[in-house]
Each structure stands twice: as C-alpha cells, then as structure tokens.
Amino acid sequence: MIRSFIRYLKGYVKIRIQGFSPERFLNMCSYHDIYIWGLVPVGNGYEMYISITDFRRLKPLARKTHSKVTLIKRCGFPFFLFHYRKRKLFFFGLLICIILLKVYSLFIWDIHFEGNEKWPDETLAEYLKSQGVAPLMLKSEVDCPGIVKNIRKEYNDIVWVSASVDGSRLKIQIKENDDTLLNESGDENTEKKTSAAGKEGPTDLIAKADGVITSIVTRSGVPQVHAGDEVTKGDILVLGRVDVVNDSGEVTGYQYQQSDADIFADTELEYTDSIPRTYQEKVYDDKKRYQAYIRAGDFRISVGTISNQYENSELTVTEHQLKAGENFYLPFSWGIKKVRSYTFHEKTYTEEEIREILSGNFQRFCKDLEEKGIQIRENSVKIHLYADSASASGPLYLNERITEEADTEILTIERKETDEPVGTDD
Amino acid sequence: MGKEQLGERLASAASMPKDVVMKAAVLTALGNFEVCIENYRGIIEYTECLVRVQTKGGQIRLTGKRLQVEYYTNDEMKITGKIESIGFADGRNKE
C-alpha cells in the first residue's frame, strides 16, 4: 500500500521491450539493480513497469541488447502535475490553501475544559472571555500561567488548574475541591460565620423553632440549655457573653464573643398540601403553524408564518447555534418556531391519581428536607379526600439544627464595686 | 571429487547455509499461486505458461497458466499465476 503510494509520488512508466532477446535485456536490468514490476509477456516482447529514474538509465542497456524500448503509459504524480501545468488557478488554490492553513494555525479556535463538575464549561468560558481569553485570539497572546493564576484567584474551590495550548486548542484541566461539593450546607455556615466575623460583633445562638434539644456541642460561648430541655422559638441557646467574676463570685465584667455550637433538637412541622379534584387539561387540536428561520447576527431569513387567531396557543422555539469545536460559537443559528392551538377541558382526578400526586409531592418534600440535613423521625401525614378537593396533612417529627445567630445584648456593670470597699472599710 | 561436492562438504561441515556457500537457488512456494525465487542468474524464457530461470546449478522450469512476474530484481523475483509444475533441469544446454 505505502509502497505503491511512494511509487505514485515518484512517478513511473509502462514500457514495452521488443527485439532479438528481450530476456537478456531483463537480466541486464536486474544486474544493474533496476527494479521491474508487473512483467507480462506480450507477443514477442514484454511489458513492464519501471520508475522514472530507472527509465533514464535504460538507453545504454537497450543499445547493448539491440532491443527497442517503447513507452506505453505514464503514471504518477509528476506526470499529473505536468499535465495540469497550464491550470494556473489550480496552483493558485494550492498556494492559498497552504497559506490559509498556516494563518489559521496562528489562532486559538477552541477552548476545552477537563475535570470540571461543579462549574460548567459555559461559566468558565464566560469568565475567560471577560479576561480576554476567547476563541479566535492569537496563539502567541495566550498567557497560560496568567490564565492559571486568574482562575485560581477567581474560583476558591478549584484547587488545581493547568492550561496548555494543544495545536490550535487551548486545553484547561481543572481539579475541583470535592469536599465543598459534598457539604454545601456546611460551606454556607462557614461563609455566614466569616461574614459575622467581618462584623466582629458578639453573637448569641437562639432557637429558630420550638423543640426538645437532643444534643449540644458548644465550641464557644456559654451554653444555656441541656440535652432534653424544651425550648421555644427565640430562646437563647448559647450566650455570647461570658461573665467575669471575682473571688467572691461577683460579676465584675463581661467578655463578649461569637457563639458557635452544634445544637440539634426534635422539632415538629405541620405539613399541608391540598389540590382540587378538578383540573384544566390542555387538549391540542390539530391547528399548528411553523416558521423556520436562519439567523446570522441580527439578520434573519424565515419561511412560513406563526401569526394566528387561536384562542389559546402555545409557542415553542427550538434554536441551534452553529459552533466550531466545543466552545467557539459562531454567530449563525437556525431554528423552528411552532404554534399549537389548544383548548381547556375540565377533568377530575380519580382517587388513585389524586393519592399518587399527593404522595409524590410529599416524598419530594421529604427529600428536600433530607438534602438540607434534616432528619425525619416520624410522620403522621394522612391523605384526606373531600368532595371537591383532596389534601395531605399532618405533623412531621424532625431532628434538625435549630441555631440562629443574634446579636448579644451588651450589658454595662453598675459601678457598685467602688462603693462597697469603702463601706467595708468603714 | 568435484568442486561442487567439496563445497557441499565444506558447507555441511561448517554448518553454514548452503544457499550462501553454494549459491543454491532458494524457492519459496506459497500454495500453487505464488513462487519466490532467490539466488538466480537470469530469466531465459518467459511466456504465460512457461518460465525458465537460470541458476548456478541448472535451470528451473515453472509451468502453469497466466504466469506473471510480479517483480524482478537482482536477487529476488516473484512469479504468480496458477502453477502446475516446478522442474529442475541440469546444465545450460539441456532442454
């Protein structure tokens, strides 16, 4: 395969040998290391293929063996070029092709992200664009260490970045911090804490709901409740004010700090959800209108119309944008607009359906709670069916974190101490 | 003892390949459709049904149908086609 390709590139000819002793000619060829292939006997001579360079060496051999060499066919790329030598545009096109290839390879055409889960490609591409890194920029202007530094600065939870130019594609490899992905709720807490630290005011922790404390772990502040205590909403759980007492047990001053504790409590939540038994169902009739369009920037060409006099209608637009590579969007898009007419029909749910919907809603609600880190201990939610509606209601028994931050009340000490020593002296 | 016999003895004694020492022809047949010949001197006759090749020890006759020389160089040639017989004939002048 590759050999025949090389032969084609170098060019070869088909010749016919005739004469007194063509075999002698063949043997002479092999003696002079002339490569012959496709040898076929024809009449009283032979036909064979031979490369151009070897063909030029044949003349003395032919004279010596008194044989006649006739050229039958020219094959290969050199002959092809020679044949089309007068087609100037062809060569011009070839030249343009080479130049364009070179010019196009000077640009970045695509940005490829790897390893990102939390941050989508689009967001990262948008950010890079704001930093002046976008497709169609000059390859020589790409500053990989700068990109790496910027991304690390902008996104705290990206722990490792590598940027490299791979052909005409900018490849950005990212390693995200998986820990922050897992407990985002915890992350929020720390953020809140830091914002509170920014204020630098003392804080208490108060109950955000009624409940019975099940566990309390205090890191700073003075705990005011114990496990098993019943608390109501607004009760102070951890006090940010620490009393400073003297030897005789009297309060001489206060130290303030930001309270920090994990307090979990059993709480109760009333769940209600009701839906009417009747509902409006969309029924599509067969009236539809389509409009297809092609858009280039602000200019658009469309076929068909969607203007209509339907009473109720639904408009859907599907649009595709042309993109080269992964993140290089070209300003061309095409799409189709569709208008469907429909009417409302009143329908009623069957008992089965309504139960399914209500329990589905409830399950989704529970899942949301669990995602927030709230544990459901028990539920007594029941489904009630009425004549024109149905509802699911009942208490949910939960175990959740019930702390909420509040500013600590600042107390001032009455200046009694100065009087007292005087009194004792007396 | 002829010169050839001496060469043969030498070759077997020194356990050297005979195709090198004695310049014996090497024929490699692949099925009945392809024969590769090495160590030959030249083609004597070549038609579609008969190929005669001169070697040091004698001639090789290949008969068959649609015989074709795929390639032909100084040290190797390949013949394809439907090969019916491969024969060896002594000397240059027989046949």
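Here, each number is a calculation from the coordinates, and none is a lab measurement. Quick caveat, the model's predicted, so the values are computed rather than measured. Cβ placement follows ideal geometry from the backbone for every residue including glycine, while neighbour counts extend to all protein chains displayed.
Here are the numbers for this structure:
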{"read-out": "Between segment A:107-122 and segment A:262-329, the Cα center-to-center distance that results, in Å", "value": "28"}
{"read-out": "Coil-residue trypsin sites (Lys or Arg not before Pro) of segment A:1-99, DSSP, other Cβ within 10 Å capped at 15", "value": "A:R56, A:R57, A:R85, A:K86, A:R87"}
{"read-out": "Long pairs among B:K56/B:K78; A:K118/A:K372; A:K139/A:K175, criterion Cα-Cα beyond 27 Å", "value": "none"}
{"read-out": "Given chain B, longest segment not containing exposed loop trypsin sites (Lys or Arg not before Pro) (DSSP; at most 11 other Cβ within 10 Å)", "value": "B:1-91"}
{"read-out": "Relative compactness, chain A, computed as alpha-carbon Rg over 2.2 N^0.38 Å", "value": "1.96"}
{"read-out": "Descending semi-axes in whole angstrom, ellipsoid equivalent of segment A:243-324, from the Cα gyration tensor", "value": "68, 29, 11"}
{"read-out": "Cα-based reach from B:K23 at 17 Å (exclusive), listing aspartates and glutamates while leaving out same-chain residues under 8 positions away", "value": "B:E4, B:E8, B:E38, B:D75, B:E76, B:D90"}
{"read-out": "FRET efficiency estimate (nearest 0.05) - Cβ-Cβ, A:N177 to A:Q321, R0 35 angstrom", "value": "0.60"}
{"read-out": "Reachable lysines from A:K287, criterion Cα separation under 28 angstrom, eight or more residues apart if same chain", "value": "A:K337, A:K338, A:K347"}
{"read-out": "Residue of A:A227, A:A406, A:A387 that the Gaussian network model of chain A assigns the largest fluctuation, springs spanning Cα pairs under 10 Å", "value": "A:A387"}
{"read-out": "Candidate aspartates and glutamates - alpha carbon under 19 Å from A:K59, same-chain residues fewer than 8 apart omitted", "value": "A:E23, A:D33, A:E47"}
{"read-out": "Loop GluC sites (Glu not before Pro), segment A:95-172, which have at most 10 other Cβ atoms in a 10 Å radius of their Cβ (DSSP)", "value": "A:E117"}
{"read-out": "Volume of the Cα convex hull of segment B:24-90, divided per residue and given in Å³", "value": "66"}
{"read-out": "Coil-residue trypsin sites (Lys or Arg not before Pro) of segment A:199-277, DSSP, other Cβ within 10 Å capped at 15", "value": "A:K233"}
